[in-house]
Every structure is written in C-alpha cells, then in structure tokens.
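The values are calculated or read from the model by the stated rules, or taken from the named source; none is laboratory data. Quantities reported herein were computed from a predicted structural model and do not represent experimental measurements. Glycine also receives a Cβ, built like all others from the backbone with ideal geometry; neighbour counts cover every protein chain displayed.
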Amino acid sequence: MNILSDYAPYFGALIVVVLLLLLIRASGAIRYIPNNRVAVVEKLWSQKGSIRAGVIAMDGEAGFQPDVLRGGLHFFMPFQFRLHVHSLVTIPQGRIGYVFARGGRPLAADQTLAANPAGTDFQDARAFLEGAGQKGPQRQVLREGSYAINLAQFVVVTRDETFALKLDSADDALLDQMSEIIEQRHGFEPVVIKDADDQIGVVTVHDGPGLAAGEIIAPTVGADPAEPSTFHNSFQDPEKFLAAGGRKGRQLQVLVEGTYFINRLFATVEPIAKTVVEVGQVGVVVSYTGEAGVDTSGEGYRHGELVETGRRGVWKDPLLPGKYAFNTYAGRITMVPTTNFILKWETAAVGSHKFDENLAEVSLITKDAFEPTLPVSVVVHIDYRKAPLVIQRFGDIKKLVEQTLDPMVSAYFKNIGQTRTLIELLQDRSEIQSLSSEDMKVKFAAYNLDLQEVLIGTPRPSASGDDQIERILMQLRQRQIADEQVGTYERQKFAAQKERELREAEALAKQQTAITESELSIKVQQNAGRANLARSEQEAEQTRTLAKAEGDRLRYLGEGEAKKVVALAAAEAERVTKVGLAQAKAIESQVEASGGPRYQLARQVAERFAEALETSGVDVVPKVQIDGGSAGASGGVLQALMTLLMAEKLDLPVLGGSPRSAPAEAEETAEA
C-alpha cells in the first residue's frame, strides 16, 4: 500500500497523458499516414463557409480539399479536419484504368467523354480543376503503375477493383454500369493485332463532332508528321485526335499489327481480315469516300469515270497481288482474274470461279429442222490494266457473263445452227469452231475482253425422249461401218496376196539351206580366186619391183663400170700415146742411126717375118722348089710369098703385086 501511495502521483500524470493523447487523437490534430497510402483531407468547418459548386473546395472552404497527403506525420487544427486514408491506385501490367471525375466543368452538347486540357495524370486535382477539366468519364486513361489520386474528386475503375471514396449510394450504380460497358468492349486490356492473324482494326470513335453532310466515314486526320500537335498516336491520344479535327463515327484510318492502349469508351475496334489479292488476280477498288476526282478513262469511254487512287469512285489502277490493310467500310474491292478462265455453257459443269453457274447449253434449230442443244466452252482472258474498265462497265464479272456474254454467244451459235443440217453440224465441227473463234474475238474485244479460244461439244437432244439425233448418228455409224467393210475387204484381198507370197517364201525357206550352202561355196571359191589373184598380183608386183631394182642396180653398176672403163681406156690411151711417142722418137733415132727409114723398115719386116715363121710352123726351106719364072725375075715365087706375108703382118696394101714404096709406108707407120 505504501508503494502504491508513493507512485500515486505518477499514475495520475500517466492517466492525464493518456487522456490527453486520446483527446488529441479524437480531435485529429496529429495524424500518421503510412508511405504506401494516401489521405484525402476533408475540412469540417471553415470561416469561408461551404463550397458553392462541385465536390472540391478550391478556396479553403469546408469540404474535400484538392490536395492529398502522403506518408508521414501531419498536424492539424483540432476538430477541423477529417482524413480519409486509402491505398494507392495501382494499375497492373498490361491493363488499363478508367477515370471518372466527380467535379469539373460540364460536358458540351456534342461530348460523350470529359476533356482534360491540362493533360495531367489526375494526381493533381487542383491543376485539373484550374485547367478547365470536365466532370464525367474521362477521355484519358491510366496505364500500368501506382498513382496518388484524390478519390473524392476521381474514381478509378479497373477490372479487379474500383478505387473510390464512397459519397453517395447512387455512385455505385453509375460506376457498375460504366464497368460493364468497358468489360463488354474488352476495354481493360489493350488492343493487340497479331501479324499471324492477317487482320486489321477498324476504329469507330464515339466522341467528338459528327460527320459532315454526305460523308459516310470519317477521313484520316493527324497523318502529317510536320504537325505534331495533330498527331494522335493511332487514336491513343483522344485530345490530339479531336484537336486535329477528328470526327466521331467509323474511321477511314485502320490499325495494323501492334499493341494499342485505346480508351474503349472513346473508340471501339473491330477486327477484320486483310484484303488478300492472290496471284492470278487483281483487285479493282470502288471507293465510297474521298474527294471527287478527274475522269481518266478518256473521251472514247462513256460507261463511267475512272479516278486516281484515293479519290471517290473506281480507281484506275487496280491492286496487284499482295496483302492490303484496306478498310472495307470505305470501299469495295472486286477481284478480277488475270489468268485464263473458262465459261461453260453446260448445265452439269461449273468453272472454278463460278461465273458460269447459271449458264446452260445453247438451243439450236438446224437447217433440216432438228432442235439439238450445243455445249460450248469459251476461254477468256482479262488484261489487268483493263480490269477497272470492265468493273466500271458491268459491276462485276458474273453480271458481265450473264447479262452480256450469255445472250451474245447463244445468238451467235443459233445463227450458225440455222445454216447447217444436223449432219453438217456434226461433221463440220472443227470448221465451225475455228470460224467462231475468229468472229467472236472481235465481239469480245468490244467489251475489253481477250477471247483465247472457243470449244464446241457434240450436239445433244433437247429432250430426254428425243432420239432423232441418235437415229442420225446410227445412220452415220452404219455408213461408216459400210466404209469400213469395204476397207476390210480390200485388206483381206491384200492379205490373200501376202499369204501367197508367204507360202512361196516358206517353200523357198525349205530349200534355203542348200541354196545358202551353194551360195556360200561360190562365195568361198570366189574369195579363194580373189585371194590367189591378189597373191599373184602381189608376187608379180614384187617381181617387177625386184627386177626394176635389179635393173637399176645393174644400170648403176654398168654406168659405173663404163665410167671406169672409159677412165681406164683414157688412161691407157694416154699411156699408149705417150709410149708410142716415145717409141717413135726412139725408132726415129734408131733409123737415123741405122741409115734411114728404109733400112729400119726392112729390119723390122725381117724380124716380124721370122716371128711369123716361128709361130706358123712353115718350113723356111721348101721341100719342093718350083721355079715359075725366068732367071731374070726378081726374087721368084719365094720372094713374092715373103712379100705377101710381110704385107699381111705389117698390114700394108699391095699395089700391082708389090708393096708401096718404103718411104710412103714409113710415113704412114709413123703417123699411125
């Protein structure tokens, strides 16, 4: 008890402090705000009185103050202020937050959403209100992040949470309706257009002034980079879009691949497929919007106007194969094939383009009063540069086929059918096809079409029970059978002749072995004879060659021997000449030494006579002496005989039975 009595004064002081703190707490004089929260200040009383309009007290009046409080200790006049503490407004990644302003200037008559001319991010309520900000759903949205927003002035709606300071139960219904509309338009997420989807986005703006008279789609605005104030960043900045003159309604400008954070209360996006012009086609554009253009079709074309690209009307230049971000609400693209396509006048056949799905066979009346139907096919080509002319003139290819080509082709072949009988129509098919191709090329060219070829089928009966054509065909078949039989007989005759030749050939073939052996024997003998002949000719040629060579050798040897003999003879003659000359000189010397030539001659004669007697074996003294002359004769018979012998040995002529004079002989001998 003593202890309690000792600390009693302290307990009393503590109680006073606690009571004082509770009083301060109750009075709101000191407040602590965490750093992750924000406080809206409400002034309970003021000497300036209450606010006259709006929700926010801009001049210190009693009511919600424009400025919010962030984390920390804050001191206030007791019992004058109330704080409404709430968390920061947080927008998740890839989401969009929508803002609703409770206070501000009222909307204009043509406005759907409120403007924020100051361009703030709604964290400064004072700047928003002083900058002529408008109340109601805002055009500007919040991207991902955290914001310290005065929730008495602004309400932020997200998919997961609505950030608001509850003031009136009626606000809940309004905010729920707003959230439902946004959810229906998928407005809490950005617009994502993927390249793989081959889509574009058609934008419809729900705010701003309406379209001008005569316009069905809003023109493109803010496309000039030289004027950044008009650039609206693909409808993501509504204020700049409207400042550039943008109008509400469906827009001519489209969105291509990318991600766009667009306020769905301001604009909705409708995905549509890209326009794909396949290879073998061109797209003729009929524009519903744009300024009126100048006609470029020329003076000779009176079926409509062709205008430049971007103008209202049929564009003179078609779209070539490719993908195009074309707004199909602003115009129509008609595909025109540039490859050859076939139109078939036949009920059971339809081409790939289905231009001929309503065509049927051409009904004919022939010259001989038959009524067949004729299937016809036409191959057509359209020049891509003339495709706009065709569309301007006929609207589309199917109308061209059904309203122009069908009656034209049918009338042409009806005229052809009236000039020929049914049989001629069958037999002259190739001629009719060639003639029709030439004639109809001119007719098709008048419609800017290139006719490639006309193909004609076989005429058919007009009714299922009509067998007239079948009977005609039967007659033609019988006639053909008869012709074929004649040909068959001719061939059989020819075959019989060939059979006879075959039998002869077979008989010949049986003896062919003997004939072949004999022919081979003849050929062997002929070949042996040719071989012998060739061998003989070769041996003869060899002999001739050897003989010629031998003759050439002997001739060369003879010529050499002759030259040798001539040379030897010339040398011998020269030697003999020199010896004779030497002997002559010796003899001359001897003669002169022995008394003259006569005596020398007699001596030589005697020597030669003696040599002759020794050689002949004649007796010097005859065994029988015959005296044939008188004693006075000179020498007698012996003398005459010796004279003859000496004349013969010395080769001296005998004149008148006696040799010539010795001096003459000596001279001749010397000359010799």
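Some values worked out for this structure:
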| read-out | value |
| --- | --- |
| Residue pairs meeting the criteria (Cβ under 7 Å; at least 6 apart or on separate chains; first farther than 11 Å from LEU265 by Cα, in segment 167-185; second outside any loop (DSSP other than H, G, I, E, B) and at pLDDT 85 or above) | LEU175/PHE100; LEU175/VAL155; LEU175/VAL157; LEU175/THR162 |
| Qualifying residue in segment 83-92 (condition: closer than 19 Å to PRO137 by Cα and either under 60 Å from the mean Cα position of the chain (by Cα) or not in a strand (DSSP E or B) (or both)) | yes |
| Some residue of segment 241-254 being farther than 23 Å from VAL141 by Cα, modelled with pLDDT of 90 or more and within 48 Å of the chain's Cα centre (by Cα) | yes |
| Residue list for segment 334-346, restricted to those being of a type in the set (Val, Ile, Thr), surrounded by 18 or more Cβ atoms within 10 Å (Cβ to Cβ) and not in a strand (DSSP E or B) | THR338 |
| Residue in segment 162-210 that is surrounded by the most Cβ atoms within 10 Å (Cβ to Cβ), counting only those that are among the aliphatic types (A, V, I, L, M) and within 30 Å of GLU42 (Cα to Cα) | ALA164 |
| Options GLN123, GLN80; residue that is touching a Leu at 6+ places or on another chain (Cβ under 6 Å), touching a residue at least 24 places away in the same chain (Cβ under 8 Å) and of a type outside the set (D, E, K, R) | GLN80 |
| Of the criteria (1) over 20 Å from TYR301 (Cβ atoms); (2) touching a Phe, Trp or Tyr at 6+ places or on another chain (Cβ under 8 Å); (3) touching a residue at least 24 places away in the same chain (Cβ under 8 Å), which one ALA360 fails | (3) |
| Residue within segment 88-111 that is over 22 Å from ASP171 (Cα atoms) and modelled with pLDDT under 85 present | yes |
| Selected residue [in a strand (DSSP E or B) and either of a type in the set (Lys, Arg) or in the same structural domain as LEU343 (by TED's automatic domain parsing) (or both)] from LEU451, LEU425 | LEU451 |
| Residue count, segment 440-467 (criterion: charged (D, E, K, R) and modelled with pLDDT of 90 or more) | 4 |
| Breaking point among (1) in contact with an Asp or Glu (Cβ under 8 Å, 6 or more places away or on another chain); (2) small (Gly, Ala, Ser); (3) at positive phi, for GLY136 | (1) |
| Leading residue by the ranking (farthest from TRP315 (Cα to Cα)) among those in segment 274-297 that are modelled with pLDDT under 95 and small (Gly, Ala, Ser) | GLY280 |
| Only listed residue being modelled with pLDDT of 80 or more, assigned to a helix (DSSP H, G or I) and farther than 30 Å from THR366 by Cβ, chosen from GLN538, GLN478 | GLN538 |
| Counted residues, segment 443-464 - those being out of contact with any helix residue (DSSP H, G or I) (no Cβ under 9 Å at 6 or more places or on another chain) and within 17 Å of VAL390 (Cβ to Cβ) | 2 |
| Top-ranked residue in segment 296-333 [being part of a strand (DSSP E or B), under 14 Å from VAL285 (Cβ atoms) and in contact (Cβ under 8 Å) with a residue 60 or more places away in the chain; ranked as nearest to the chain's Cα centre (by Cα)] | TRP315 |
| Selection status of THR289, in contact (Cβ under 8 Å) with a residue 40 or more places away in the chain and outside any loop (DSSP other than H, G, I, E, B) | no |
| Per-region count, segment 334-357, residues under 30 Å from ALA218 (Cβ atoms) and in contact (Cβ under 8 Å) with a residue 60 or more places away in the chain | 2 |
| PRO66 being touching a helix residue (DSSP H, G or I) at 6+ places or on another chain (Cβ under 8 Å) and either buried (at least 17 other Cβ atoms within 10 Å of the Cβ) or within 24 Å of PHE128 (Cα to Cα) (or both) | yes |
| Every residue from segment 93-115 that is assigned to a strand (DSSP E or B) and either under 24 Å from GLU161 (Cα atoms) or in contact with a Cys (Cβ under 6 Å, 6 or more places away or on another chain) (or both) | GLY97, TYR98, VAL99, PHE100, ALA101, ALA114 |
| Condition broken by VAL401, with the remaining ones in (1) crowded, with 18+ Cβ neighbours inside 10 Å; (2) within 17 Å of GLY283 (Cα to Cα) satisfied | (2) |
| Test: residue in segment 259-273 that is in contact with a helix residue (DSSP H, G or I) (Cβ under 7 Å, 6 or more places away or on another chain), of a type outside the set (Phe, Trp, Tyr), part of a helix (DSSP H, G or I) and touching a residue at least 12 places away in the same chain (Cβ under 8 Å) | no |
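Each row is one residue, and each column tells you yes or no for (1) at pLDDT below 90; (2) over 22 Å from LYS441 (Cα atoms).
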| site | (1), (2) |
| --- | --- |
| PRO318 | no, yes |
| ASN340 | no, no |
| ASP356 | no, no |
| ALA360 | no, no |
| PRO372 | yes, yes |
| VAL376 | no, no |
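Each row is one residue, and each column tells you yes or no for (1) crowded, with 16+ Cβ neighbours inside 10 Å; (2) small (Gly, Ala, Ser); (3) out of contact with any helix residue (DSSP H, G or I) (no Cβ under 8 Å at 6 or more places or on another chain).
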{"position": "PRO106", "(1), (2), (3)": "no, no, yes"}
{"position": "ASP110", "(1), (2), (3)": "no, no, yes"}
{"position": "LEU113", "(1), (2), (3)": "yes, no, no"}
{"position": "GLY119", "(1), (2), (3)": "no, yes, no"}
{"position": "LEU142", "(1), (2), (3)": "yes, no, yes"}
{"position": "ASP160", "(1), (2), (3)": "no, no, yes"}
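Yes or no, residue by residue, for (1) within 30 Å of GLN253 (Cα to Cα); (2) assigned to a loop (DSSP other than H, G, I, E, B):
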site: VAL350; (1), (2): no, yes
site: ASN358; (1), (2): no, yes
site: ILE365; (1), (2): no, yes
site: VAL378; (1), (2): no, no
site: VAL390; (1), (2): yes, no
